[in-house]
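Working notes, beginning with the structure itself.
A short reminder: the numbers here are calculations on the coordinates, not readings from a lab. All of these numbers come straight from a predicted model, not from anything done at the bench. In this analysis, Cβ positions are derived from the backbone assuming ideal geometry, glycine residues included, and neighbour counts consider all displayed protein chains.
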Amino acid sequence: MSCGISCGASWSSFRKWASAIALAATILVGCCGAEVSATPLTPFRYEAQAQRHCPHDRVVWLDFSKAVYYGKGQKRYGQGFDGSFVCLSEARDSLYRRSLLGLR
């Protein structure tokens, strides 16, 4: 089949490439189409705000640069410029780890 324009490609090669692209798209959607959801992290500037947000949970200080959280009795609790108060369950669900610094 010829369309009158000479471009050096035939319809059969176009169909092969189109089917290969469609197959690749199907594979990507099939393997990566699983639903992924993360618990939203709600940072607060003040400890009382975080405690009102999660009254039945502990409040921790989350250090974003180190990806760790500190409990109330630890030395670095509430210190630093790149941290915030969050609920303990939200910090754990967001895969932040507990700091062992200052635990006795």
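Mind giving me the nanometre distance, one decimal, between the label points for Arg92 and Lys75, set 7 Å out from Cα along Cα→Cβ?
Each label point lies 7 Å from its Cα, and together they span 2.6 nm.
Percent of Cα-Cα pairs more than 13 Å apart in region 47-98, please. Write down the numbers at each step before the final one.
Details: 660 of 1326 pairs.
In whole percent, the share of Cα-Cα pairs in region 47-98 beyond 13 Å is 50.
Relative to the present Cα-Cα distance, how much length would full extension add between His56 and Leu100 at 0.36 nm per residue of separation? List each step's numbers first, then the result.
Values: separation 44, 0.36 × 44 = 15.84 nm, distance 2.35 nm.
That works out to 13.5 nm of additional length.
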